[in-house]
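The values are calculated or read from the model by the stated rules, or taken from the named source; none is laboratory data. Since this is a predicted model, take the numbers as computed values, not measurements. FYI the Cβ positions are ideal-geometry reconstructions off the backbone, even for glycines, and counts take in every protein chain you see. These accessible areas exclude ligands, DNA and RNA; they are computed on the full protein's heavy atoms, side chains included. Shrake-Rupley method; radii C 1.70, N 1.55, O 1.52, S 1.80 Å.
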Amino acid sequence: MAEKGLSVQKSDLFVAAGVVTIVLMLIVPLPTVILDLFMALNLVMNLLVLLIVLYTRNAIEFSVFPTILLVSTLFGLGLNVSSTRLILTLGTKFDGRMVRAFSTFVIGSSGTDGLVIGFVIFIILIAVQVFVITKGSTRVAEVAARFTLDAMPTKNMAIEAEYNAGAITEDEARQRKKDIQKEADFYGAMDGASKFVSGNVKIGIFITIINLVAGLIFGMIFRSEPFSVAIQTYASLTIGDGLLSQLPSLFVSVATGIIVTRAVSDGTFGTDVTTQFSRNAWVYFVGGGTLAIIAFLPGFPWYVLLPLAGLLVFTGYRLKKGQERDFRNTLRSEEEKQKQKTGESPADISPVVPLDPLSLELGYGLIPLVDKDKGAELLERVTRIRRESALDLGLVVPRIRIIDNMRLEPSEYCFKIKGVEVARGKIRMGSYLGINPGGTLEDIPGEKTTDPTFGLPAVWISDENRERAERAGYTVVDPPSIIATHLTEIIKRHAAEILGRQEVQSIVDAIKKDYPSVVDEVTKLCSIGEIQKVLQGLLREQVSIRNMVVILETIADYRPITKDTTVLVEKVRQSLARQICLQYVDENTMLHVLTVQPELIQKIVDSRVDTVNGPIAALEPVVQRTWIRSVSHAVSSAQQAGYVPVILCPEEARILVKNSTEREIPDLVVLSVPEIANDIRVEAIGEIRQEE
């Protein structure tokens, strides 16, 4: 780590020194030797930038490019200023080898003709950069920046959809979102950085004119040189200096154009060109035939066109053979995969086939609900459901895998927990489900059905009858809401099954970061499996486990006294008394309860039998039937009076009362006296008595 930090410090120091040097070049004169070194370095650096861009797979791999563009532009301008100073100062005595070499190479020794040719080349080079490369790159950068920013929400939604469907992990989703943000930042920076290139070209033209005009003035007036000598000297040096500055600028301009135009790519520029130019062999056959026809027309150079036509036909032939070979290899590999699927290689089959913790399977008629192109409303609902479950129950629901199942009817869906089906329903796409909550007398035209979540009478209604149904008192929901509500209830009812040991371990690890002493104490006393059983006991009766610190502290308090999980659950419930009571009180913090006849409670307590799965009330069949009938009557009366049915009983009888009514009345709330918080007022609205 120390070596890495030292290397980072050295690189930062080197970059800082380089930037300061570039700024000082605009002010401090440079010797010609240093100027030659910097000019060669500028040429190589811009060539390296161009090569790096050519071998870059996507823009964010070279995210430092906008900054490099600024630094290279500033470096080139600094060299322009330094070379101009030396040319005007030394005149014919200027001995810059790089400038002289470029001047001699372009102009040669042809005198005035060479000067004119040099100026024409220089003007063409400037025009190509200004009107072709720079202008196009600037426009592409502007459009790419705007469209990249506009597409960010859609891309993030697509990532969320893949994450909810289980196609990618949470880390992959986070990394993809980070890459999208980097891409938007990059194109936003390129939108402004492309102006550096156009500005560099314009200032290059200005400096060239200054060099030529000022050189003639200095040579003819201050040094008394003849016009022919002055124009030959300063024009040749100006052309050499201009070309030497514009060639690196051309490299970086081309690099800018390439990096902003390669928006969609999975490989390097060379790889993309090779792949995309070799997809269709017939293109080369047609091109070769066209050249061969043109070669036989009068006046065309057949000795040039015919060889090119033959080369194109040969290239097409090679590509066609290669495509046929690849096709045969693909068929062979598919046959091998099919053999493996049919079981001809049993050794390759994994002995463990993992099951999804929670999955939603859809018939093909319901696929539009999760189609990204059509809004994917259900995917957004699933994300919210997972978040709400974490807030309401304290249970972090694992990723819900959404898949299509051809075995289901087109309009059917089903939920599975660890591969086992727990619920099923049907949806009529294009219609709304009108649920009759009770007391609604008006009949709405439509197909009679049953609400898949709560089993209430309902009707499928059309869009034109939607407002009429709402006015009549129906609860009207759309198809995504039906599935989302059903999924929410499934998670609540089966929360104990969803919570596994691995999830408990993750919860404990998260709590340990802020409460290490609590976790250390409880993990010394009991295993993760025992903690899981306590949490499952709470979730089984819709008690939130968000307050994990209190739960773990209570387990640590009572675990030395008893190993009975049922007792630990009861003690934890008592520690969460206020939280539990607030779920059922009215707006005046009044808890309306049903009590149980003392003789009946005693009979239930006396029938207690301890089993592996906890205590149960082993009442005689006749007594059990009368007990359930009495509870059902009392619960119905409470519901008709507008109260949430809650049974209040002694601590030793609570779990027995709950277990004895679990099958017939699964949603019945049973509280014990110690679970009533001190500031909660209690009102008895009825007593459950044993019927004769």
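Output the strands (runs of 3 or more DSSP E) that fall wholly within segment 576-631 and possess 1 or more residues being among the β-branched types (Val, Ile, Thr) and closer than 11 Å to LEU656 by Cα, or say none. Qualifying strands (runs of 3 or more DSSP E): 608-611, 614-617. Only a single criterion out of (1) closer than 23 Å to LEU576 by Cβ; (2) surrounded by 13 or more Cβ atoms within 10 Å (Cβ to Cβ); (3) free of Cβ contacts under 8 Å to residues at least 40 places away in the same chain is not satisfied by ASN613, namely (2). Scan segment 80-93 residue by residue and report those that are open to solvent by less than 10 Å² (accessible area, probe 1.4 Å) and either free of Cβ contacts under 8 Å to residues at least 60 places away in the same chain or aliphatic (A, V, I, L, M) (or both). Across segment 80-93, the qualifying residues are SER82, ILE87. Within segment 216-263, the residues that satisfy the criterion of being aromatic (Phe, Trp, Tyr) and at pLDDT below 75 are PHE218, PHE222, PHE227, TYR234.
Here is a check on your reading of the model: is ASP514 more than 20 Å from ARG387 (Cα to Cα), part of a loop (DSSP other than H, G, I, E, B) and open to solvent by 40 Å² or more (accessible area, probe 1.4 Å)? Yes: the conditions hold for ASP514. Per this entry, ILE403 is counted among residues that are β-branched (Val, Ile, Thr), surrounded by fewer than 18 Cβ atoms within 10 Å (Cβ to Cβ), at pLDDT 80 or above and assigned to a strand (DSSP E or B).
Of everything in segment 669-679 that is in contact (Cβ under 8 Å) with a residue 40 or more places away in the chain and more than 46 Å from the chain's Cα centre (by Cα), the residue that is surrounded by the most Cβ atoms within 10 Å (Cβ to Cβ) is SER672. From the list GLY394, GLY343, GLY419, GLY439, the one residue that fits, being of a type outside the set (A, V, I, L, M), at positive phi, open to solvent by less than 50 Å² (accessible area, probe 1.4 Å) and at pLDDT below 75, is GLY343.
Take LYS492 and tell me if it is in contact (Cβ under 8 Å) with a residue 60 or more places away in the chain, surrounded by fewer than 17 Cβ atoms within 10 Å (Cβ to Cβ) and either on the phi > 0 side of the Ramachandran plot or charged (D, E, K, R) (or both).
Details: in contact (Cβ under 8 Å) with a residue 60 or more places away in the chain: yes; surrounded by fewer than 17 Cβ atoms within 10 Å (Cβ to Cβ): yes; either on the phi > 0 side of the Ramachandran plot or charged (D, E, K, R) (or both): yes.
Here the answer is yes, as LYS492 does meet what is asked.
List the helices (runs of 4 or more DSSP H) that sit entirely inside segment 445-499 and contain at least 2 residues that are among the aliphatic types (A, V, I, L, M). Passing ranges, in order: 479-493, 495-498.
Being at pLDDT 90 or above, open to solvent by 60 Å² or more (accessible area, probe 1.4 Å), among the basic types (Lys, Arg) and more than 24 Å from VAL534 (Cβ to Cβ): is that true of ARG578 here? Step through it out loud before you land on a result.
Numbers: at pLDDT 90 or above: yes; open to solvent by 60 Å² or more (accessible area, probe 1.4 Å): yes; among the basic types (Lys, Arg): yes; more than 24 Å from VAL534 (Cβ to Cβ): no.
The answer is no for ARG578.
Just to be sure I understand, how many residues within segment 609-633 are farther than 20 Å from PRO666 by Cα and over 54 Å from the mean Cα position of the chain (by Cα)? Please lay out each step first, then the result.
Applying the first criterion (farther than 20 Å from PRO666 by Cα) to segment 609-633 yields 609-612, 620, 622.
Keeping just the survivors that are over 54 Å from the mean Cα position of the chain (by Cα) gives 620, 622.
Residues in segment 609-633 being farther than 20 Å from PRO666 by Cα and over 54 Å from the mean Cα position of the chain (by Cα): 2 in total.
Does any residue of segment 445-459 turn out to be polar (S, T, N, Q), open to solvent by 40 Å² or more (accessible area, probe 1.4 Å) and more than 30 Å from GLU503 (Cβ to Cβ)? Yes, some residue in segment 445-459 is polar (S, T, N, Q), open to solvent by 40 Å² or more (accessible area, probe 1.4 Å) and more than 30 Å from GLU503 (Cβ to Cβ).
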